[in-house]
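Let me begin by presenting the structure, written as structure tokens, before commenting on it.
The values are calculated or read from the model by the stated rules, or taken from the named source; none is laboratory data. Small disclaimer: the values here were computed from a predicted structure and weren't measured. Quick reminder, even Gly has a Cβ in these numbers, built from the backbone with ideal geometry, and neighbours come from all protein chains shown.
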Amino acid sequence: MSLRARLSRELGREIGVYPETKHPTYFRATAKLPLEEPLVEALRRNGLDKKKAPVFVQSFETDNLKLLNRVLKVPIVQLLSASGTPFDLAGTPKSYAFLSSPAGLDEIAEYADAIGPAKDQIVPRAPAGSTSPPAGSSLPPTTLVADAHAAGLLVHPYTFRAENVFLPLELRSSADPGRLRQPVRRDRAALPARGRRRVHRQPGLRPRGPRRRRGVARAASRGDEPAGSRLGRSGGRAGKRQFCTVGDAEPRRCAGCSP
């Protein structure tokens with residue numbers, strides 16, 4: 001929190017935070033180390049538990065998010081995965097596949113403002129052994145984004161990085177998984193003039209259209225956390241929302257926009 005405050009002063013703009021509670025059931029039950037209470041206390045101590053605060057709180061589990069939704073004023077993000085089941089729902093039919101379905105998204109909308117899916121849940125890739133298209137190539141998009149929007153949820157996908165291992169086959173620069181994709185200036189040259197201006201104007205990730213009732217965060221993410229999104233919302237948590245983009249790959253570079 002002190003780093004956020006210092007960077008906000010140095011850069012002259014408010015920096016957000018995007019905390020994740022990792023393995024909360026394990027830490028509470030086995031290690032006797034609850035995560036939710038210290039998180040709430042830290043946010044309140046720093047004046048960040050309020051409407052329009054630049055904060056999103058995320059977790060791969062569900063029960064802790066339902067608890068946090070009752071005590072926090074900031075947006076809640078249900079993280080999803082392309083496989084498996086939330087630890088706190090083990091032994092139930094409510095896998096991540098179910099939560100990613102229209103019925104599951106409706107349940108998530110009861111306690112969360114957004115989902116954080118793996119980007120392969122939005123644009124899947126051809127499986128290993130596939131020859132047409134080649135393994136690792138992008139497949140047609142799923143309906144997940146449209147389904148989430150229909151449920152009134154924002155979409156914060158992860159992980160956006162430039163190393164080949166994070167990219168579909170057609171965007172990789174070589175067979176070296178750790179090698180970076182071609183420089184962004186080459187990508188800009190391939191865009192129409194309007195697209196080049198959009199990439200150039202990305203330093204602040206400012207929202208377009210109606211502002212969310214609880215604010216829009218420019219979140220300081222790292223690792224496997226979702227990339228910060230320029231997303232607008234109108235209405236209440238369970239109401240309809242309006243959106244402008246899905247996410248960004250890195251500062252000053254837009255990975256894609258939705259109308």
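Here L169 passes the criteria (1) touching a strand residue (DSSP E or B) at 6+ places or on another chain (Cβ under 9 Å); (2) closer than 29 Å to F98 by Cα; (3) crowded, with 16+ Cβ neighbours inside 10 Å except the one numbered (3). Selection of first residues in segment 113-140 that are in contact (Cβ under 8 Å) with a residue 60 or more places away in the chain and under 17 Å from S83 (Cα atoms) and of second residues that are of a type in the set (A, V, I, L, M, F, W, C) and outside any loop (DSSP other than H, G, I, E, B), restricted to Cβ pairs under 7 Å at least 6 apart or on distinct chains, gives the following pairs, ordered by first then second residue: G116/V77; G116/L79; I122/L144; I122/V145.
Every condition in (1) at pLDDT below 95; (2) under 21 Å from the mean Cα position of the chain (by Cα) is met by N46 except one, and the failing one is (2).
Conditions tested, residue by residue: (1) in a helix (DSSP H, G or I); (2) farther than 18 Å from D147 by Cβ; (3) of a type in the set (S, T, N, Q); (4) over 12 Å from the mean Cα position of the chain (by Cα).
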position: N69; (1), (2), (3), (4): yes, yes, yes, yes
position: A82; (1), (2), (3), (4): no, no, no, yes
position: T92; (1), (2), (3), (4): no, yes, yes, yes
position: A97; (1), (2), (3), (4): yes, no, no, yes
position: D120; (1), (2), (3), (4): yes, no, no, yes
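Looking across segment 45-63, the residues that are touching a residue at least 60 places away in the same chain (Cβ under 8 Å) and either surrounded by 14 or more Cβ atoms within 10 Å (Cβ to Cβ) or closer than 22 Å to T85 by Cα (or both) come down to K52, A53, P54, V55, F56, Q58.
Would you please name the residue that is modelled with the lowest pLDDT, looking only at residues in segment 1-43 that are aliphatic (A, V, I, L, M) and more than 23 Å from Q78 (Cβ to Cβ)? Break it down stepwise before answering.
Within segment 1-43, the first condition is being aliphatic (A, V, I, L, M), and the residues that meet it are 1, 3, 5, 7, 11, 15, 17, 29, 31, 33, 35, 39-40, 42-43.
Pick out the ones that are also more than 23 Å from Q78 (Cβ to Cβ) and you get 1, 3, 5, 7, 11, 15, 31.
Working: M1: 87, L3: 90, A5: 89, L7: 91, L11: 94, I15: 93, A31: 83.
If we take residues in segment 1-43 being aliphatic (A, V, I, L, M) and more than 23 Å from Q78 (Cβ to Cβ), then A31 is modelled with the lowest pLDDT.
Within segment 122-166, the set of residues being more than 16 Å from S100 (Cβ to Cβ) and of a type in the set (S, T, Y) comprises S130, T131, S132, S137, S138, T159.
Looking across segment 8-44 at every residue that is touching a residue at least 12 places away in the same chain (Cβ under 8 Å) and assigned to a helix (DSSP H, G or I), the one that is surrounded by the most Cβ atoms within 10 Å (Cβ to Cβ) is identified as P24.
When the helices (runs of 4 or more DSSP H) confined to segment 125-226 are screened for residues that are at pLDDT below 90, touching a Gly at 6+ places or on another chain (Cβ under 6 Å) and basic (K, R), none reaches at least 3 such residues.
Looking at segment 7-17, can you tell me whether even one residue there is more than 27 Å from D88 (Cα to Cα) and of a type in the set (D, E)? The answer is yes, given that some residue of segment 7-17 is more than 27 Å from D88 (Cα to Cα) and of a type in the set (D, E).
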